[in-house]
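Structure, as structure tokens:
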Amino acid sequence: KAGVTQTPRYLIKTRGQQVTLSCSPISGHRSVSWYQQTPGQGLQFLFEYFSETQRNKGNFPGRFSGRQFSNSRSEMNVSTLELGDSALYLCASSPITGGQGRKDTQYFGPGTRLTVL
Amino acid sequence: DAKTTQPNSMESNEEEPVHLPCNHSTISGTDYIHWYRQLPSQGPEYVIHGLTSNVNNRMASLAIAEDRKSSTLILHRATLRDAAVYYCILRQNTGNQFYFGTGTSLTVIP
């Protein structure tokens, strides 16, 4: 089975621009979660999608948004980029969600490295 | 968010066992304990998880204290490929998200 894929792997943008990142989960996985990783804040949860619905959201401003398509592929968008948005953005997929998934594992992609100049 | 506490860094000699501790004194009865590791320039990868009993798999063992307020990840023979940041995470009943702490950076000395 192919793993989680994320595109693009690297991206350079300037302040004020917007960006869209893509994630393809493992085949058959219906839950997709997004994380931001920075040296200062570590790994932080952004949001989770399951069956095209946002199920959980972390503590990030509204500039961060996402969506999930019927084939479980997911995109996240960051509008009006700020220097502090420079980070590694990680996507993770798992078969199920919520309370049933306490013992379920998440499979992470390699991430998209976003640099904001 | 259920919190975990881990040492910032640890060192181990190659081919020796490594015991990575984690404190989670606020754990609730339904929280699973998960361990992930992140190799340089990669996303985190699953290592092991458990609820109450000790667990073993091909990568590692997980020893869980009787009161569940702490756990230890055991790598039986450290290799250079095991050099990574190891995260201990409590997986709660609500939601599918992981709350990562700062993790332990493991250095393996040849």
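None of B:36, B:86 is within 18 Å of residue B:103 (Cβ to Cβ), touching a Phe, Trp or Tyr at 6+ places or on another chain (Cβ under 6 Å) and within 13 Å of another protein chain (Cβ to nearest Cβ) except B:36. Within the set A:64, A:60, A:47, the sole residue that is at the interface with chain B (Cβ under 10 Å from one of its Cβ atoms) and more than 18 Å from residue A:105 (Cβ to Cβ) turns out to be A:47.
Would you pick out the residues in segment B:1-58 that are among the small types (Gly, Ala, Ser), without any contact (Cβ under 8 Å) to a residue 60 or more places away in the chain and exposed (fewer than 14 other Cβ atoms within 10 Å of the Cβ)? Within segment B:1-58, B:25, B:29, B:41, B:53 meet the criteria.
This table checks each residue for (1) in contact with a strand residue (DSSP E or B) (Cβ under 8 Å, 6 or more places away or on another chain); (2) among the acidic types (Asp, Glu).
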{"position": "A:38", "(1), (2)": "yes, no"}
{"position": "A:45", "(1), (2)": "yes, no"}
{"position": "A:65", "(1), (2)": "yes, no"}
{"position": "A:70", "(1), (2)": "no, no"}
{"position": "A:79", "(1), (2)": "yes, no"}
{"position": "A:82", "(1), (2)": "yes, yes"}
{"position": "A:88", "(1), (2)": "yes, no"}
{"position": "A:111", "(1), (2)": "yes, no"}
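For segment B:59-87, the set of residues classified as touching a Pro at 6+ places or on another chain (Cβ under 8 Å) and either acidic (Asp, Glu) or loosely packed, with under 13 Cβ neighbours inside 10 Å (or both) consists of B:76, B:77, B:80, listed by residue number. For residue B:21, the criteria (1) farther than 26 Å from residue A:96 by Cα; (2) in contact with a Cys (Cβ under 9 Å, 6 or more places away or on another chain); (3) assigned to a loop (DSSP other than H, G, I, E, B) hold in every case but one, which is (3).
Checking segment B:25-45 against the condition returns no match, with no residue being assigned to a strand (DSSP E or B) and more than 19 Å from residue A:45 (Cβ to Cβ). The residues on offer are A:79, A:74, A:31, and the sole one that is modelled with pLDDT of 95 or more and under 12 Å from the mean Cα position of the chain (by Cα) is A:74. Here the condition is being away from chain A (no Cβ under 13 Å), on the phi < 0 side of the Ramachandran plot, in a loop (DSSP other than H, G, I, E, B) and charged (D, E, K, R); of B:58, B:68, B:81, it holds for B:58 alone. For the subset of segment A:89-106 comprising residues that are surrounded by fewer than 21 Cβ atoms within 10 Å (Cβ to Cβ) and more than 7 Å from every other protein chain (Cβ to nearest Cβ), which member is modelled with the highest pLDDT? Among those that are surrounded by fewer than 21 Cβ atoms within 10 Å (Cβ to Cβ) and more than 7 Å from every other protein chain (Cβ to nearest Cβ), it is A:95. Name, by its number, the condition in (1) without any contact (Cβ under 8 Å) to a residue 12 or more places away in the chain; (2) over 15 Å from the mean Cα position of the chain (by Cα) that does not hold for residue B:80. Every listed condition holds for residue B:80 apart from (1).
The values are calculated or read from the model by the stated rules, or taken from the named source; none is laboratory data. Model, not experiment: these values are computed from the prediction. Note that each Cβ is placed from the backbone with ideal geometry, even for glycine, and that neighbours are counted across all protein chains shown.
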